[in-house]
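In what follows, a single structure is set out as structure tokens and then discussed.
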């Protein structure tokens with residue numbers, strides 16, 4: 001036998017559960033959570049690593065083109081000199097200097113140094129500054145060597 | 001039935017990578033190798049980007065550059081295959097997909113580095 005008070009109790013409980021589920025604090029989800037700088041640099045290390053794999057494949061193509069002779073090398077050179085080629089090379093250059101500097105930052109972390117949030121943020125800013133400055137210098141050097 | 005395995009041997013081979021420490025060490029050692037090699041490679045490529053075929057061949061034929069390129073290629077693809085493996089382990093949850101990706105990554109890295117080293121040798125030792 002079920003009396004009315006019991007059913008009312010159940011309903012109340014269900015509505016309470018629904019309410020609590022809807023208003024519970026949600027864990028920071030990637031799509032709505034603004035990544036702090038340190039986290040942004042962390043995922044950038046992976047992304048630049050993948051970009052550099054593309055750069056490494058391009059390097060293989062470049063070497064194979066040189067080995068294949070002057071005509072094929074001329075094609076590779078024409079592609080690398082085009083706007084798309086230059087944009088790719090720019091992405092490779094920036095990715096290299098970023099991944100290089102951040103990799104060294106990781107090696108310091110491996111020794112246990114620089115883990116505090118404040119110093120991690122400072123070294124992160126240094127990584128970005130290094131990557132930007134070195135990319136610009138590398139392209140100035142590249143154009144000066146022409 | 002009694003299990004005669006020690007706790008250590010039961011734990012060995014578990015985890016997403018099956019063996020963690022050696023992967024970690026190889027990753028760091030190749031990273032350290034790439035500090036000088038990567039910097040040299042990047043700056044060299046910037047300097048010789050505008051070379052024509054004869055100049056590029058001459059540059060690669062110099063022993064220092066040929067050896068440097070070979071070392072850089074080996075370290076680069078080794079480091080890249082370890083890094084891509086970690087990405088596959090992190091983002092691919094289906095076991096067959098993960099193992100398949102790791103096999104493709106490993107074999108591609110070997111094929112690409114062999115192609116690059118062969119090209120350098122052909123340029124350096126040809127004629």
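Laid out as a table, the results:
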| quantity | calculated |
| --- | --- |
| Any hit, segment B:37-57, residues being more than 10 Å from every other protein chain (Cβ to nearest Cβ) and buried (at least 19 other Cβ atoms within 10 Å of the Cβ) | yes |
| Subset of segment A:110-132 [surrounded by fewer than 14 Cβ atoms within 10 Å (Cβ to Cβ), assigned to a helix (DSSP H, G or I) and within 14 Å of another protein chain (Cβ to nearest Cβ)] | A:110 |
| Per-region count, segment B:75-93, residues more than 8 Å from the chain's Cα centre (by Cα) and part of a helix (DSSP H, G or I) | 9 |
| Index of the failed condition, residue A:85 passing every other in (1) closer than 26 Å to residue B:123 by Cα; (2) outside any helix (DSSP H, G or I) | (2) |
| Members of segment A:93-116 found to be in contact with a helix residue (DSSP H, G or I) (Cβ under 7 Å, 6 or more places away or on another chain) and more than 19 Å from residue B:36 (Cβ to Cβ), listed by number | A:94, A:114, A:115 |
| So residue A:60, is it surrounded by 11 or more Cβ atoms within 10 Å (Cβ to Cβ), in contact with a helix residue (DSSP H, G or I) (Cβ under 6 Å, 6 or more places away or on another chain), modelled with pLDDT under 95 and in a helix (DSSP H, G or I) | no |
| Only one of A:137, A:80, A:87 that is out of contact with any helix residue (DSSP H, G or I) (no Cβ under 7 Å at 6 or more places or on another chain) and within 10 Å of chain B (Cβ to nearest Cβ) | A:137 |
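Conditions (1) surrounded by fewer than 16 Cβ atoms within 10 Å (Cβ to Cβ); (2) without any contact (Cβ under 8 Å) to a residue 60 or more places away in the chain, marked per residue:
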| residue | (1), (2) |
| --- | --- |
| B:80 | no, yes |
| B:83 | no, yes |
| B:86 | no, no |
| B:97 | yes, yes |
| B:107 | yes, yes |
| B:110 | yes, yes |
| B:114 | yes, yes |
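The values are calculated or read from the model by the stated rules, or taken from the named source; none is laboratory data. Worth saying up front: this structure is predicted, and the values here are computed from it rather than measured. Ideal geometry is used to build each Cβ from the backbone, glycine not excepted, and the neighbour counts take in all protein chains shown.
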